[in-house]
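Novice: Encoded as structure tokens, here's the structure I'll be asking about.
The values are calculated or read from the model by the stated rules, or taken from the named source; none is laboratory data. Everything quoted here is computed from the prediction, not taken from an experiment. Heads up, the Cβs are rebuilt from the backbone with ideal geometry, glycines too, and the neighbour counts pull from every protein chain shown. Remember, those area values only see protein heavy atoms, side chains included, never the ligands or the DNA or RNA. Shrake-Rupley method; radii C 1.70, N 1.55, O 1.52, S 1.80 Å.
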Amino acid sequence: MVTGANRGIGLEFVRQLTQLNEPPNYIFATYRSADSLKELKEIEESSVKSQVILIKMDVTNPEEVDVAKSIVESTVGERGLNLLINNAGVAKMQPFPEITPENLEYHFKVNTEGPILILQAMLPSLEKAAQFHGDGMRASRAMALNITSLVGSIGNTGVSFTRDLAVPGYKISKAALNMAMRIIAANVKDKGILIVNMCPGWVKTDMGGKDRAQLEPHESIANMLQTVPSLNESHHGTYMDRLGNPIPF
């Protein structure tokens, strides 16, 4: 399941997942608005081995999340959901001291609260997958991959990179996401569900900035999809870049 799959990183995740040598049987691709579905629909129609299931879901809308949960559960049944990619996110520049409560709340609602509630909703299906697929922690068993950002690192803020100080709402929400997933990881450590926070790098997307960013979406996603299969119990609750290198919280 990939949230925010109609553009940017989410869209490329769906594209590359369908192109794997052994692709998933089902890929649940969520989108917020039907106005930007052209490319996602093209992937859905051209996918040969995977059934791509499009689901309208705003991560801040509990009713739509419930509908998505029902669709996933009725499709995968007792085999469960193996991989949740919490990708949907927003970024709106507004530096301190101009930042408003609305800006802070907007980022927190989508970037922090959204992934928590999506993971909460999909947890029963992830638990079924973990029970169905044996021991150890790995993506092929049950995993939540949370797309975070290097700019959410408290340790790096104001030290190695300062341009991101113009988006404090985004930075704060990603730092909060990292903490949230550390808490969740501690709570599900005995359930066989691997929880990892991963930064995709600075990617040329509408949100990341196509003129200044360093990575093409296909490069970033290819790196992440190469890294994910190598992750195990030792990476549970960690914060890393797309190549698996640790990032300081």
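Novice: Got a number for residues in region 80-122 being over 11 Å from the mean Cα position of the chain (by Cα), open to solvent by less than 40 Å² (accessible area, probe 1.4 Å), of a type in the set (A, V, I, L, M) and under 16 Å from Ala175 (Cα atoms)?
Specialist: So the answer is 2.
Novice: Residue check: is Ala129 part of a helix (DSSP H, G or I), open to solvent by less than 10 Å² (accessible area, probe 1.4 Å) and either modelled with pLDDT under 95 or of a type in the set (Gly, Ala, Ser) (or both)?
Specialist: The answer is yes for Ala129.
Novice: Check Tyr170 against each of (1) open to solvent by 20 Å² or more (accessible area, probe 1.4 Å); (2) out of contact with any His (no Cβ under 8 Å at 6 or more places or on another chain) and name the one condition it does not meet.
Specialist: Every listed condition holds for Tyr170 apart from (2).
Novice: If you scan region 29-62, which residues turn out to be within 13 Å of the chain's Cα centre (by Cα), of a type outside the set (Ser, Thr, Tyr) and assigned to a strand (DSSP E or B)?
Specialist: Matches in region 29-62: Ala29 only.
Novice: Do we find a residue being of a type in the set (Phe, Trp, Tyr) and part of a loop (DSSP other than H, G, I, E, B) anywhere in region 75-97? Working first, answer last.
Specialist: First, pick out the residues of region 75-97 that are of a type in the set (Phe, Trp, Tyr): 96.
Checking the rest, the ones that are also part of a loop (DSSP other than H, G, I, E, B) come to 96.
So far as region 75-97 goes, yes, one or more of its residues are of a type in the set (Phe, Trp, Tyr) and part of a loop (DSSP other than H, G, I, E, B).
Novice: Also, I was wondering about something else. Which condition number does Ser153 fail, the rest of (1) open to solvent by 60 Å² or more (accessible area, probe 1.4 Å); (2) in contact (Cβ under 8 Å) with a residue 40 or more places away in the chain; (3) in contact with a Phe, Trp or Tyr (Cβ under 7 Å, 6 or more places away or on another chain) being met?
Specialist: All conditions pass for Ser153, except number (1).
Novice: I'm trying to understand the selection: among the residues of region 220-234, which are open to solvent by 40 Å² or more (accessible area, probe 1.4 Å) and either touching a Leu at 6+ places or on another chain (Cβ under 7 Å) or of a type in the set (Ser, Thr, Tyr) (or both)?
Specialist: Correct list: Ser230, Ser234.
Novice: Does region 173-199 hold any residues that are open to solvent by less than 30 Å² (accessible area, probe 1.4 Å) and either of a type in the set (Ser, Thr, Tyr) or out of contact with any helix residue (DSSP H, G or I) (no Cβ under 9 Å at 6 or more places or on another chain) (or both), and which are they?
Specialist: Ser173, Ala185
Novice: Could you check region 23-41 and list, in sequence order, the residues that are touching a Lys or Arg at 6+ places or on another chain (Cβ under 9 Å) and at pLDDT 95 or above?
Specialist: Pro23, Pro24, Asn25, Thr30, Tyr31, Glu39, Leu40
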